[in-house]
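Beneath this line is the structure, given in structure tokens, with notes to follow.
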Amino acid sequence: MDNLPENQSHSQSGGGLPVIQYWAEKTLSPQGLKLWQTLNHKSTCLSCAWGSGGQKGGFVNEAGEYLQRCAKSVEAIAAELQPGIKPDFFQKYNINELQELTSQECDNLGRLSYPLILKSGSSHYQRISWEEVYQIAAQAFSITPERIASYSSGRSSNEAAYLLQLLMRSLGSNNLADCSDLCHAPSTLGLKKVFGAGTSMVSLENLKHSDCVVLIGSNAPANHPRLMNELIKLRQRNGKVIIINPQIEIGLVKFASPAFPIKSLLTGGSDISTLYLQPIPGSDVALFVGLQKSLIEQNLINQEYLKSYTNNWAEILEYANNTTWENITQTCGLSHEEITATASLIGKSSKVVFAWAMGVTQQANGVDNILSIANTALITGNAGKIGAGTMPIRGHSNVQGFGSMGVTVNLREEIKQALSKLLGKPLSETPGYHTRDLITAAENSKVDTLFCLGGNLYAANPDLSQAKRALSQIETIFYVATKPNLGHFHGLGKTQTLILPVFNRFENPHKTTTESGNNFVRLNDEGTSHLQPHNSHLISEIELITEIAHRLHDENPINWRKLQDPVYVRELIAKTIPGYEKIGEIDQTKEEFTITGRIFDEPKFKTPDSKAQMFITPLPQLSIPEKSEFGFEENQPGIVLILGTGRSYGQHNTVVYRSEDKYRNMPHRHCILMNNLDIKKAGFQEHQRVTVKGDGGELENIEIICGAIREGVAFMFYPEANVLFKGKIDPESGTPAYKRVPVFLY
Ligand SMILES: Nc1nc2c(c(=O)[nH]1)N[C@H]1C(S)=C(S)[C@@H](COP(=O)(O)OP(=O)(O)OC[C@H]3O[C@@H](n4cnc5c(=O)[nH]c(N)nc54)[C@H](O)[C@@H]3O)O[C@H]1N2
Ligand SMILES: Nc1nc2c(c(=O)[nH]1)N[C@H]1C(S)=C(S)[C@@H](COP(=O)(O)OP(=O)(O)OC[C@H]3O[C@@H](n4cnc5c(=O)[nH]c(N)nc54)[C@H](O)[C@@H]3O)O[C@H]1N2
Ligand code: SF4
Ligand SMILES: [Mo]
């Protein structure tokens, strides 16, 4: 905490007044009434996977507690309530003009409300009918299955996700790339190796019993705001919050939550962090091995637990013992004292939850990061009891549901068998492309048809020029979306690109379900669209996918048109997806439920012998490139920094809602956050404009902002920063190291 910036004019806590101002502004706007109706609609929040909303009403969380909806949720709904894009808009503006738009301008165009096509050689997107869409799809999907791929983002329903993978697998393609490949794939893979289950083992209810939360690489105040209520309550019952993050996120120090209005008013917010550690980016494994070593030295490990419930524990202890303090402290940049104090807090707490997000998954050793966190939980006996465990904090509101439904390149054996029984044939054995493999395959002309169920494949990837080149090698691209985004205008196919408008979650004419990051399944009621009276061109994602399947397969081996009834889809899900049996009755019972086999209240895991499997996690060898590697002479003024890329408070992934980030004092998108000492060292001044160069490209005219970030480290917003770097990839998960990008500033 010693390096807070000199300029303290920005917010002194997360949440608070800016949030209240935002609510007031939105609810008093012409959309206000519809906004409130939508907030009260019985459906899950569109935004993050914390999962507020559902059958008990829009403001209720999984534990049945009220006032659980944040400004992010309002932002997402307000964007969906925009008017439809005018019928002649795409006649007026050609593709070159559309490519000039920023992310925010794309989103502000309004709702997509009719299908569009851009043919090669043509300058304008043109309207087409759904019948034409289906004819094009029938042709585009009637090719060698390995040349068909899909990509998806986590906003659609479980039912749409299930149908997407069923369609792909029925065709014989396993190319089911998903945004989770860029996100929590290392968590899923790592946790499966250790515990046999790839999701959080902590329910929201269990979190309420914890007495210590270690929050690693997460900016929850901005990205999972209602999680902050749990941390506030934890501090109120004398629990400890340990933050591990190279950057001081102000909301992790103090957070003003509307759920605690008196406290927020009187004191400007509630204290969050008990201890705040700022490691070198990408070094978390070293810190966790250090914590293990210190726990051993302080005699705070749980030998009985290790012997009874884990395998390979002796090797892990030996590895930690044999790793020198010098190696540990030099790699992670934290002192022996800091690590000892942290280990002592963890070791002396009785129920510790280890929670994390992108700071540790988006690294070249993402899976190792997860394994080292799991090892630390295990040697202190903090897995498999109420109030403790490992907890990946998921991103998109239904991203976890997509994985459960089989939208993954790592399909579980049980699901594989169940699906092959359903389809009456063995599934293809050809391994599928995850997102990064999909880009490489496309670049090598190995993909002809791409179906994108939501998302923004173009802008979410590192190396935007490669992404553009790769997509331009694909013959036909379908973008299924609610609003235009950068990808629709930059990620163009070789022969044709189609944009297909669909209902969002609260507009679907039927019920759907979604799954939260805490393994809770929500039922979303049917709704109506404000676009509908004037415009009957929107359809549901379920209708779209089943209609394409019907054109390809007719009734073989399942009646695809019958699957336009989501009740039937849920019947199939209940039969084929383990843990989801209760979904078969949800239409009668309306009972939302926790998926079985995921929350571990006792140390019996889903591995063959029920024990947790521990793995050695080698310390990363982190290096910083020389100026010469960026093509500059040694005497060139400037500085090499390690850049982390991430989200501002006013954006949802590639979609920007507001350009400023009040909490980090960054007034617009073209800023770089730096430590004061680095600014001085490089001979720069705050607010000076510089060029930032990476191994993939450069950005000019970037304003320097002084912030509470570790020396040697900088932060910029994505997706803009994705032009800068090619990105290292974690070999095990395929997830890019978005959080450790070497750049040169001059
Ligand atoms: N409002 C809003 N909510 C969102 C999203 C959004 O864009 N906007 N996106 C959703 C999605 S898909 C996701 S995945 C989540 C993302 O949620 P987060 O993971 O919280 O988001 P990021 O901005 O990627 O920030 C991760 C944090 O990691 C820290 N960090 C960087 N490098 C390291 C490191 O080496 N070690 C450690 N320990 N920490 C590091 C950064 O300083 C930052 O605070 O949020 C979801 N919710
Ligand atoms: N540099 C850098 N790059 C990153 C990251 C980073 O931290 N740094 N984070 C990565 C992460 S964690 C993720 S998850 C990815 C995100 O990657 P994506 O999930 O691919 O991108 P989003 O921006 O979330 O996609 C938003 C689009 O989804 C569409 N959409 C919204 N609602 C619906 C709906 O109901 N149905 C359909 N069909 N479409 C809908 C809208 O058209 C909207 O424009 O980005 C990754 N890229
Ligand atoms: S915390 Fe996440 S799920 Fe809950 S209201 Fe906010 S954005 Fe929605
Ligand atoms: Mo994500």
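Please go through the stretch 385-424 and pick out each residue that is part of a loop (DSSP other than H, G, I, E, B) and either without any contact (Cβ under 8 Å) to a residue 40 or more places away in the chain or within 16 Å of ligand 4 (Cβ to nearest atom) (or both). Explain how you work it out, then say what you get.
Restricting attention to the stretch 385-424, the residues satisfying the condition of being part of a loop (DSSP other than H, G, I, E, B) are 385-388, 393-395, 397-398, 405-412, 424.
Across the stretch 385-424, the qualifying residues are Ile393, Arg394, Gly395, Ser397, Asn398, Val407, Thr408.
Can you report the number of residues in the stretch 613-649 which are in a loop (DSSP other than H, G, I, E, B) and among the hydrophobic types (A, V, I, L, M, F, W, C)?
Going through the stretch 613-649 one residue at a time, the tally reaches 7.
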Exercise for the section: For Thr390, state whether it is more than 16 Å from ligand 2 (Cβ to nearest atom) and among the polar types (S, T, N, Q). Expected result: yes
Fill in the blank from the handout: Cβ pairs under 7 Å, 6+ apart or interchain, first in the stretch 275-287 and over 12 Å from Gly217 (Cβ atoms), second within 16 Å of ligand 3 (Cβ to nearest atom), ordered by first then second residue, are none
Handout entry: Positions within the stretch 619-660 being of a type in the set (Ser, Thr, Tyr), more than 16 Å from ligand 3 (Cβ to nearest atom) and more than 30 Å from Thr324 (Cβ to Cβ), in sequence order
Key = Ser628, Thr645, Thr654, Ser659
Practice task
Given the conditions (1) away from ligand 1 (no atom under 13 Å from the Cβ); (2) at pLDDT 90 or above; (3) closer than 19 Å to Leu531 by Cα, report the number of the one that Thr44 does not fulfil.
Solution key: (3)
Completion exercise
If you go through Lys726, Lys662, the only one that is of a type in the set (D, E, K, R), closer than 15 Å to Ile642 by Cα and surrounded by fewer than 23 Cβ atoms within 10 Å (Cβ to Cβ) is Lys726
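Among the residues of the stretch 440-481, which ones are of a type in the set (Ser, Thr, Tyr) and either within 16 Å of ligand 3 (Cβ to nearest atom) or on the phi < 0 side of the Ramachandran plot (or both)?
Step one: of the stretch 440-481, the residues of a type in the set (Ser, Thr, Tyr) are 440, 445, 449, 458, 465, 472, 476, 479.
Correct list: Thr440, Thr449, Tyr458, Ser465, Ser472, Thr476, Tyr479.
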Practice task
Sort through Ile250, Ile262, Ile280 and tell me the only one that's in contact with a Phe, Trp or Tyr (Cβ under 8 Å, 6 or more places away or on another chain), of a type in the set (Val, Ile, Thr) and away from ligand 4 (no atom under 16 Å from the Cβ).
Solution key: Ile250
Practice task
Please work out which one of (1) closer than 26 Å to His184 by Cα; (2) surrounded by fewer than 16 Cβ atoms within 10 Å (Cβ to Cβ); (3) in contact with a helix residue (DSSP H, G or I) (Cβ under 8 Å, 6 or more places away or on another chain) is the condition Glu633 fails and give its number.
Solution key: (1)
Practice task
Look at Ala71 and say whether it is within 16 Å of ligand 2 (Cβ to nearest atom), surrounded by 19 or more Cβ atoms within 10 Å (Cβ to Cβ), among the aliphatic types (A, V, I, L, M) and modelled with pLDDT under 95.
Solution key: no
Fill in the blank from the handout: Among helices (runs of 4 or more DSSP H) entirely inside the stretch 317-377, those with 2 or more residues being of a type in the set (S, T, N, Q) are 325-332, 336-348
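Residues that are under 21 Å from His652 (Cα atoms) and of a type in the set (Gly, Ala, Ser): list the helices (runs of 4 or more DSSP H) wholly contained in the stretch 1-120 that include at least 2 such residues.
Values: elements: 17-27, 32-40, 71-80, 89-92, 95-98, 103-108.
Passing ranges, in order: 71-80.
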Problem - Subset of the stretch 273-312 (residues that are out of contact with any Pro (no Cβ under 8 Å at 6 or more places or on another chain) and either within 16 Å of ligand 1 (Cβ to nearest atom) or of a type in the set (Ser, Thr, Tyr) (or both)) - result: Ser273, Thr274, Leu275, Tyr276, Leu277, Asp284, Phe288, Val289, Gly290, Leu291, Ser294, Thr310
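How about the stretch 687-724: which of its residues are assigned to a loop (DSSP other than H, G, I, E, B) and of a type in the set (Ser, Thr, Tyr)? Before the answer, list the steps.
Kept after step one, since they are assigned to a loop (DSSP other than H, G, I, E, B), are these residues of the stretch 687-724: 687-688, 694-697, 707-708, 710-712, 718-719, 724.
Listed by number, the list holds a single entry, Tyr718.
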Completion exercise
Just one listed residue, out of Gln613, Gln621, Gln588, is within 26 Å of Asn365 (Cα to Cα), loosely packed, with under 14 Cβ neighbours inside 10 Å and of a type outside the set (A, V, I, L, M, F, W, C), and it is Gln621
Fill in the blank from the handout: Per the list (1) out of contact with any Leu (no Cβ under 8 Å at 6 or more places or on another chain); (2) within 24 Å of Arg664 (Cβ to Cβ); (3) at pLDDT 75 or above, residue check on Leu39 breaks on (2)
Exercise for the section: Tell me which of these Gly154 doesn't satisfy, since it passes every other one: (1) small (Gly, Ala, Ser); (2) over 29 Å from the mean Cα position of the chain (by Cα); (3) within 16 Å of ligand 4 (Cβ to nearest atom). Expected result: (2)
Exercise for the section: Return the pairs, sorted by first residue and then second, in which the second residue is within 16 Å of ligand 4 (Cβ to nearest atom) and among the acidic types (Asp, Glu), the first residue lies in the stretch 178-201 and is outside any loop (DSSP other than H, G, I, E, B), the beta carbons are less than 8 Å apart, and the residues are 6+ apart or on different chains. Expected result: Pro186/Asp730
Problem - Search result, residues across the stretch 247-284 that are of a type in the set (S, T, N, Q) and closer than 20 Å to Tyr663 by Cβ - result: Gln247, Ser257, Ser264, Thr267, Ser270, Ser273, Gln278
Completion exercise
The lone condition Phe255 fails out of (1) part of a strand (DSSP E or B); (2) of a type in the set (Phe, Trp, Tyr); (3) modelled with pLDDT of 95 or more is (3)
Problem - Residue list for the stretch 169-219, filter: under 16 Å from the mean Cα position of the chain (by Cα) and on the phi > 0 side of the Ramachandran plot - result: Gly217
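Name the one entry in Glu338, Glu413, Glu318, Glu326 that is more than 16 Å from ligand 2 (Cβ to nearest atom), under 30 Å from Tyr718 (Cβ atoms) and surrounded by fewer than 21 Cβ atoms within 10 Å (Cβ to Cβ). It would help to see each step written out before you state the result.
Working: Glu413 fails: under 30 Å from Tyr718 (Cβ atoms); Glu318 fails: under 30 Å from Tyr718 (Cβ atoms); Glu326 fails: under 30 Å from Tyr718 (Cβ atoms).
Testing whether each residue is more than 16 Å from ligand 2 (Cβ to nearest atom), under 30 Å from Tyr718 (Cβ atoms) and surrounded by fewer than 21 Cβ atoms within 10 Å (Cβ to Cβ) leaves just Glu338.
The values are calculated or read from the model by the stated rules, or taken from the named source; none is laboratory data. Note that the structure is a prediction, hence the values are computed from the model and not measured. So basically every Cβ, Gly included, is an ideal-geometry build from the backbone, and we count neighbours across all protein chains shown.
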